[in-house]
Amino acid sequence: MSLSHASYPDLGPDLAARMPELRGRLAANQRLADITWFRVGGPAQVLFTPADTADLACFLAAIPADLPVAVVGLGSNLLVRDGGVPGVVIRLGRGFAGIAAEGGHRIRAGAAVPDARLARAAAEAGIAGLAFYRGIPGAIGGALRMNAGAHGRETRDVLVEAQAVDRNGTIHRVPLAEMGLTYRHSGVPASWILTEALFQGSAGEPAAILAEMEEVAAYREANQPIRERTGGSTFKNPPGASAWKLIDAAGCRGLRVGGAKVSEMHCNFLINDRNASAEDLERLGETVRARVRAHSGATLEWEIVRIGAPLDGRPTGEALAEAYAQ
Ligand SMILES: Cc1cc2nc3c(=O)[nH]c(=O)nc-3n(C[C@H](O)[C@H](O)[C@H](O)COP(=O)(O)OP(=O)(O)OC[C@H]3O[C@@H](n4cnc5c(N)ncnc54)[C@H](O)[C@@H]3O)c2cc1C
């Protein structure tokens, strides 16, 4: 489906005038498709890249309380709708990319550090237990928000504490017990921006950890469509069941809507292989959900996070599957 993209009034000058001390970058109508794995979606009304945590806190304290704020990481679990994201989208960059090993087999990383980089830095420092991050293509902020995990481990198994900035610009230290990490979910308020994390590993031999990371990478290469425009697992596994098996049993492997299709290799992955719109992908996901419900009675819950607005008057969510069926 070919769709023209939205554009928003430029909020940049007004925001900049409110906070002359701001050091980060404000960019109006910034394409988000370029920074997500699916490569779809409209623009951010304003994309803000803070210089560091103090700059982020100052920005959040100064913007109008009713201005919507969203945060994106590396966009590997994200579907941005075609109408883009009104308000501010925050993306953490260089000021949040620090990484340093500490005593006691601990390692501290900024929220913009890619998970695979954390795995490598830990390995080089002889810290075992973080090799599973080698296969997750997000950054630490997304790993904290999603309690990312793989190969039998997840973020809550290795986290000591995180740092977050709330919507008013107050900085919080959040110990693991207060993170509310459950399967692909964090209980930290949705409006908090996670800025840093401290991880606990154990003593290990760098060569052995690097070999483990190679195994993780090889497994991914063989079992997941990692070179495609995808968003990773589309749906969470329902308790006691496997999303991909339910999808396969409902006959959805290879199912297509417009430029989007269900991966043949791993049918819990959706793929943008023919210039799909975000609407194609969301409709495909909702159609899969409807077919799985009809076939097995199970209700799949989205793991992929959908943000933003549709193009004018277009449906979203379950209404998409209904429109497709008619
Ligand atoms: C090929 C492929 C394989 C994958 N395999 C796995 C896997 O094995 N295990 C797994 O768990 N996931 C997997 N994923 C999904 C994804 O990589 C993870 O969910 C990852 O943690 C998302 O991080 P991100 O930086 O890309 O976040 P994004 O996709 O950009 O955002 C995801 C969510 O996190 C929020 N978020 C991002 N940064 C912050 C921040 N700093 N503060 C607060 N909220 C934030 C966003 O608002 C959004 O709600 C896979 C994805 C792909 C494409």
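All of the numbers you see were taken from the coordinates with simple rules; none came from a lab. Note that the structure is a prediction, hence the values are computed from the model and not measured. Here Cβ is always computed from backbone atoms with ideal geometry, including for glycine, and neighbour counts include all displayed protein chains.
Numbers for the structure displayed
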read-out	value
Rg(Cα) / (2.2 N^0.38 Å) computed for the stretch 195-243, rounded to two decimals	1.61
Phi to ³J(HN,Hα) by Karplus 6.51 cos²θ - 1.76 cosθ + 1.60 over the stretch 54-63, Hz, x for Gly, Pro	5, 5, 4, 4, 5, 4, 5, 6, 8, 6
Scattering profile of the stretch 229-326 at q = 0.10, 0.12, 0.14, 0.15 Å⁻¹ [log10 I(q)/I(0), Debye over alpha-carbon scatterers]	-0.23, -0.33, -0.45, -0.52
Hz values of 3J(HN,Hα) by residue in the stretch 159-171 - Karplus curve (6.51, -1.76, 1.60), Gly and Pro given as x	8, 9, 6, 10, 10, 9, 10, 8, 5, 8, x, 7, 8
Radius 11 Å from Cβ of A123, net charge of other residues (Lys, Arg +1; Asp, Glu -1)	-1
Relative contact order for the chain, counting Cα pairs under 8 Å that sit 6 or more residues apart, in percent	18
Nonlocal amide H pairs with A128, under 5 Å, H built at 1.01 Å	S202, A203, G204
Alpha-carbon Rg/Rh ratio, for the stretch 28-96, with Rh computed the Kirkwood way	0.97
Cα-projected label distance for E322 with E102, points at 7 Å along beta-carbon direction, nm	5.1
Mean projected area in nm² (Cα convex hull; one quarter of hull surface) for the stretch 104-144	2.6
Taking N as its residue count, the alpha carbon Rg of the chain over 2.2 N^0.38 Å	1.01
For the stretch 69-148, the fraction of alpha-carbon pairs in successive 10 Å shells from zero, as %	18, 46, 25, 9, 2
